[in-house]
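**Q** This structure is in structure tokens; I'll ask about it shortly.
The values are calculated or read from the model by the stated rules, or taken from the named source; none is laboratory data. Note that the structure is predicted; figures quoted are calculated from it, not measured. Virtual Cβ from ideal backbone geometry, glycine too; neighbours counted across all protein chains shown.
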């Protein structure tokens, strides 16, 4: 935004700033500038100190109150140091003395852009550190994992949207990180968000940001995760849990690259690669009108199916050793033969996430020695016996295996559904759905 009461400067900025690649709102006085700030958020404001209605210091103070991230530059015809210091104390980024050259304004705006880019990278880095210490690796030599790696290598260098399919706990975020790390965006932010973990009322603000006062509780201006990921990659995990109203808004961003913060009229352009993941059956959801068909096709430019751990049992020992090494911070990780045999014979309804919990449990019990079968959770023995009983009575369905695993988890956790869901590596909503299916199965039997 440019605010100055000189008509000649107003006309000059209307012509020259767009030519230099900037979108500009020109205001003739302080009151008009404040009204514009109430409607939209700007990356930078250039304001004259002496204007009718409200002076430049008042405009800057109001701007910093409602949008602290906006940078302010003061234009003044008074070259006194006192004036410059007063502007800086009120949060101005810098000042220019009039008459100033267009090249000086362009150089200063370039510094503003560079500062905002550094801020965005810092926010993205902080977001990643809060989510995860270190970046886990895709481990496994099975044919199924080799196919996944080939697909990653082919699609990573492109800007195509990717849909990762797989059961909960199979490591879909690791695939998304691998896609980002092998892309041309690797030096830019990678931002991950679980769409099923946020309250419906906060999803829009989390993704697209909001301005101060946009809704009850919006006490500060907030930058959305799409803006934090600008230039990089955003990973939308459990996209199938996204509410129907938000699906339409997400589709608009994917198609146009424009987003609108909550409470604003002005659109903001972002350059973000989108990777999505889900354990849900999207075509079925489309048929049941729970998911938009146009959004499904938009996010599914390229599809990667991640196998369940029971489908690549040969990878279990290597995965367990990798997880054990992480717990012991690089120390030599040992698994006794009886422990490996027990791990390979397990059904793994919770996939790699369940394996990680088992390894952590065993690491605590075994101190510094090798992990043996007795260090594994107690339910391993009961499940092996259960598996033997199943073998004698004949084959069972996958649904029956899931139901038995859920009942065992509930028994271990004294009926606590949240603890059972966490141990199985599924969401609480999924656990309830499985229990309802089990009840329906029993009624129909």
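**Q** Given 375, 361, which one is within 21 Å of residue 171 (Cβ to Cβ) and in the same structural domain as residue 408 (by TED's automatic domain parsing)? I'd like the intermediate steps shown before the answer.
**A** Values: 375 fails: within 21 Å of residue 171 (Cβ to Cβ).
Only one candidate passes the filter, namely 361.
**Q** If you scan the stretch 245-262, which residues turn out to be touching a strand residue (DSSP E or B) at 6+ places or on another chain (Cβ under 9 Å), free of Cβ contacts under 8 Å to residues at least 24 places away in the same chain and not in a strand (DSSP E or B)? Explain how you work it out, then say what you get.
**A** In the first step, residues of the stretch 245-262 are kept if they are touching a strand residue (DSSP E or B) at 6+ places or on another chain (Cβ under 9 Å); the result is 249-250, 252-254, 256-262.
Retained after the next criterion (residues that are free of Cβ contacts under 8 Å to residues at least 24 places away in the same chain): 252, 256-258.
Passing the criteria: 252, 256, 257.
**Q** Another one. Can you confirm whether the stretch 302-317 contains a residue that is assigned to a helix (DSSP H, G or I), within 30 Å of residue 188 (Cα to Cα) and either at pLDDT below 95 or in the same structural domain as residue 194 (by TED's automatic domain parsing) (or both)? I'd like the intermediate steps shown before the answer.
**A** Here is the first cut: in the stretch 302-317, the ones assigned to a helix (DSSP H, G or I) are 309-317.
Then keep just the ones that are within 30 Å of residue 188 (Cα to Cα); that gives none.
No.
**Q** With respect to the numbered conditions (1) in a helix (DSSP H, G or I); (2) surrounded by fewer than 16 Cβ atoms within 10 Å (Cβ to Cβ); (3) modelled with pLDDT under 75, which one is the sole condition not fulfilled by residue 401?
**A** In the conditions (1) in a helix (DSSP H, G or I); (2) surrounded by fewer than 16 Cβ atoms within 10 Å (Cβ to Cβ); (3) modelled with pLDDT under 75, residue 401 misses (2) alone.
**Q** Check residue 265 against each of (1) within 15 Å of the chain's Cα centre (by Cα); (2) in a loop (DSSP other than H, G, I, E, B) and name the one condition it does not meet.
**A** The one condition residue 265 does not meet is (1).
**Q** Where residues in the stretch 218-233 are free of Cβ contacts under 8 Å to residues at least 40 places away in the same chain and touching a strand residue (DSSP E or B) at 6+ places or on another chain (Cβ under 9 Å), which of them is farthest from residue 259 (Cα to Cα)?
**A** Taking the stretch 218-233 as the starting set, the residues that turn out to be free of Cβ contacts under 8 Å to residues at least 40 places away in the same chain are 219, 222, 224.
From what is left, the residues that are touching a strand residue (DSSP E or B) at 6+ places or on another chain (Cβ under 9 Å) are 222, 224.
Working: 222: 14, 224: 10 Å.
Looking at residues that are free of Cβ contacts under 8 Å to residues at least 40 places away in the same chain and touching a strand residue (DSSP E or B) at 6+ places or on another chain (Cβ under 9 Å), I get 222.
**Q** Report yes if residue 291 is crowded, with 21+ Cβ neighbours inside 10 Å, touching a helix residue (DSSP H, G or I) at 6+ places or on another chain (Cβ under 8 Å) and more than 25 Å from residue 181 (Cβ to Cβ), otherwise no.
**A** Details: crowded, with 21+ Cβ neighbours inside 10 Å: yes; touching a helix residue (DSSP H, G or I) at 6+ places or on another chain (Cβ under 8 Å): yes; more than 25 Å from residue 181 (Cβ to Cβ): yes.
In short, yes.
**Q** Given the criterion in a helix (DSSP H, G or I), in the same structural domain as residue 183 (by TED's automatic domain parsing) and farther than 21 Å from residue 119 by Cβ, identify the matching residue among 227, 204. If you could, list the steps in order and put the result at the bottom.
**A** Working: 227 fails: farther than 21 Å from residue 119 by Cβ.
The unique qualifying residue is 204.
**Q** Let me ask you something else. Modelled with pLDDT of 85 or more, in contact with a helix residue (DSSP H, G or I) (Cβ under 8 Å, 6 or more places away or on another chain) and outside the structural domain of residue 171 (by TED's automatic domain parsing): does that describe residue 104?
**A** Values: modelled with pLDDT of 85 or more: yes; in contact with a helix residue (DSSP H, G or I) (Cβ under 8 Å, 6 or more places away or on another chain): no; outside the structural domain of residue 171 (by TED's automatic domain parsing): yes.
So residue 104 fails the test.
**Q** If we keep just the residues of the stretch 172-198 that are within 15 Å of the chain's Cα centre (by Cα) and in a loop (DSSP other than H, G, I, E, B), which is surrounded by the most Cβ atoms within 10 Å (Cβ to Cβ)?
**A** For the stretch 172-198, the residue satisfying everything is 189.
**Q** Could you tell me whether residue 123 is touching a strand residue (DSSP E or B) at 6+ places or on another chain (Cβ under 8 Å), modelled with pLDDT under 80 and either outside any loop (DSSP other than H, G, I, E, B) or surrounded by fewer than 14 Cβ atoms within 10 Å (Cβ to Cβ) (or both)?
**A** Working: touching a strand residue (DSSP E or B) at 6+ places or on another chain (Cβ under 8 Å): yes; modelled with pLDDT under 80: yes; either outside any loop (DSSP other than H, G, I, E, B) or surrounded by fewer than 14 Cβ atoms within 10 Å (Cβ to Cβ) (or both): yes.
Spelling it out, residue 123 is indeed touching a strand residue (DSSP E or B) at 6+ places or on another chain (Cβ under 8 Å), modelled with pLDDT under 80 and either outside any loop (DSSP other than H, G, I, E, B) or surrounded by fewer than 14 Cβ atoms within 10 Å (Cβ to Cβ) (or both).
**Q** In contact with a helix residue (DSSP H, G or I) (Cβ under 6 Å, 6 or more places away or on another chain) and in a strand (DSSP E or B): does that describe residue 47? Walk me through it before giving the result.
**A** Numbers: in contact with a helix residue (DSSP H, G or I) (Cβ under 6 Å, 6 or more places away or on another chain): yes; in a strand (DSSP E or B): yes.
Yes; evaluated as a whole, the condition is true for this residue.
**Q** Something else about it: From the list 236, 242, pick out the single residue that is buried (at least 20 other Cβ atoms within 10 Å of the Cβ), out of contact with any strand residue (DSSP E or B) (no Cβ under 6 Å at 6 or more places or on another chain) and more than 24 Å from residue 71 (Cβ to Cβ). Don't jump to the end; show me each part of the working.
**A** Numbers: 236 fails: out of contact with any strand residue (DSSP E or B) (no Cβ under 6 Å at 6 or more places or on another chain).
Testing whether each residue is buried (at least 20 other Cβ atoms within 10 Å of the Cβ), out of contact with any strand residue (DSSP E or B) (no Cβ under 6 Å at 6 or more places or on another chain) and more than 24 Å from residue 71 (Cβ to Cβ) leaves just 242.
**Q** Limited to the stretch 24-41, what total is found for residues that are out of contact with any helix residue (DSSP H, G or I) (no Cβ under 8 Å at 6 or more places or on another chain) and either touching a residue at least 60 places away in the same chain (Cβ under 8 Å) or within 23 Å of residue 103 (Cβ to Cβ) (or both)? Steps first, please.
**A** First, the residues of the stretch 24-41 that are out of contact with any helix residue (DSSP H, G or I) (no Cβ under 8 Å at 6 or more places or on another chain): 29, 31-32, 35-36, 39-41.
Okay, now just the ones that are also either touching a residue at least 60 places away in the same chain (Cβ under 8 Å) or within 23 Å of residue 103 (Cβ to Cβ) (or both), so 39-41.
Going through the stretch 24-41 one residue at a time, the tally reaches 3.
**Q** So, of the residues in the stretch 268-287 that are in a loop (DSSP other than H, G, I, E, B) and touching a helix residue (DSSP H, G or I) at 6+ places or on another chain (Cβ under 7 Å), which turns out to be nearest to residue 217 (Cα to Cα)? Steps first, answer last, please.
**A** From the stretch 268-287, those in a loop (DSSP other than H, G, I, E, B) are 270-272, 279-281; that's our starting set.
Retained after the next criterion (residues that are touching a helix residue (DSSP H, G or I) at 6+ places or on another chain (Cβ under 7 Å)): 270, 272, 280.
Working: 270: 26, 272: 28, 280: 33 Å.
Out of the qualifying residues, it is 270.
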